[in-house]
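Taking it in order: structure first as structure tokens, then the write-up.
The values are calculated or read from the model by the stated rules, or taken from the named source; none is laboratory data. Everything numeric here is computed off the predicted structure, so don't read it as measured data. Here the Cβ positions follow ideal geometry from the backbone for every residue, glycine too, while neighbour counts run over all protein chains shown. These area figures cover heavy atoms from the full protein model, side chains too; ligands, DNA and RNA do not enter into them. Shrake-Rupley method; radii C 1.70, N 1.55, O 1.52, S 1.80 Å.
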Amino acid sequence: MENRHVVIIPIEIDEEKEASYLAAWQDAAEVMAAQPGFLRTYMFRTIVPGSKFSLVNVAEWESTRHWEEAMNVCPMLGQQIAVAHASNYEAIRTVLPTQEPRPDEGHTPTGLSPAEAHRRAEDGELTLIDVREEDEWTAHRPAGALHAALSTLPTSLPDLPDGPLAFVCRTGNRSAQGGAQAIRAGRSSVYSVTGGLEAWEAAGLPVVLPESENAANNGDRPAAARKS
């Protein structure tokens, strides 16, 4: 049996370009998550001022063969592989394998359009749960949503409000995974917002931005999100 293959990629990038880089990385990581032999990938941010490499990506595969085959699908565009000291970094992103449940398991959340998810949340019929990572949530989020990052969802699920849940992410992939986890944990009436936050914004639905947390047009948190 081949040993597990671990790839460490230090990333030198200007701070103002980090957000766009992480968005592109997320897209690539989600492609990787669907490939055979993928185990997990982490993104770390340095906690040491002045560090040359502000980010470090660590990816784990079942074998070197699996990693090489995946590179034919999504090559790393010439990124350099090197050694970095783990104690100098903190994890900021995690992507786990895409799990495709069998049709008879009933573990796939029902798709819900952004407009319908917003209406039901406004009417207190469900709780909207944003499963993106902390930095994505802080940058902007759907109005009225609660936050429970996909990477920590197994421990967050028991604390989520009772009743129907609608999971949302950036494009819809992570929300489907989050919904599947909730169903496996015994939750019913679980939805995934189709197209994610990108579709939400395209539909003109309200979002919360850092500089407008209290703006009137951002709306109030739905009644279902208020835990007694």
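Points to keep in mind about this one:
- Computed from phi, the 3J(HN,Hα) profile of segment 179-189 under the Karplus parametrisation 6.51, -1.76, 1.60 (θ = phi - 60°) reads x, 4, 4, 5, 5, 5, 7, x, 7, 10, 6 Hz, with x in place of Gly and Pro.
- Placing 41, 108 in order of accessible area, with the largest value first and a 1.4 Å probe, yields 108, 41.
- Other-chain or far-sequence residues with amide H under 5 Å of residue 63's (modelled H): 5
- Rounded to the nearest whole Hz, the Karplus-based 3J(HN,Hα) values (6.51 cos²θ - 1.76 cosθ + 1.60, θ = phi - 60°) of segment 50-57 follow the sequence x, 5, 4, 9, 6, 10, 9, 9, with x at glycine and proline.
- Remark on residue 207: its backbone amide H falls under 5 Å from those of 143, a criterion applied only to residues 5 or more positions apart or on other chains, H modelled at 1.01 Å from N.
- Peptides 177-183, 10-16 ranked from most to least packed give 177-183, 10-16, packing being the mean of other C-beta atoms within 10 angstrom over each peptide's residues.
- Note on residue 203 and residue 13: with the Förster distance fixed at 30 Å, the Cβ-Cβ geometry gives a FRET efficiency of about 0.40.
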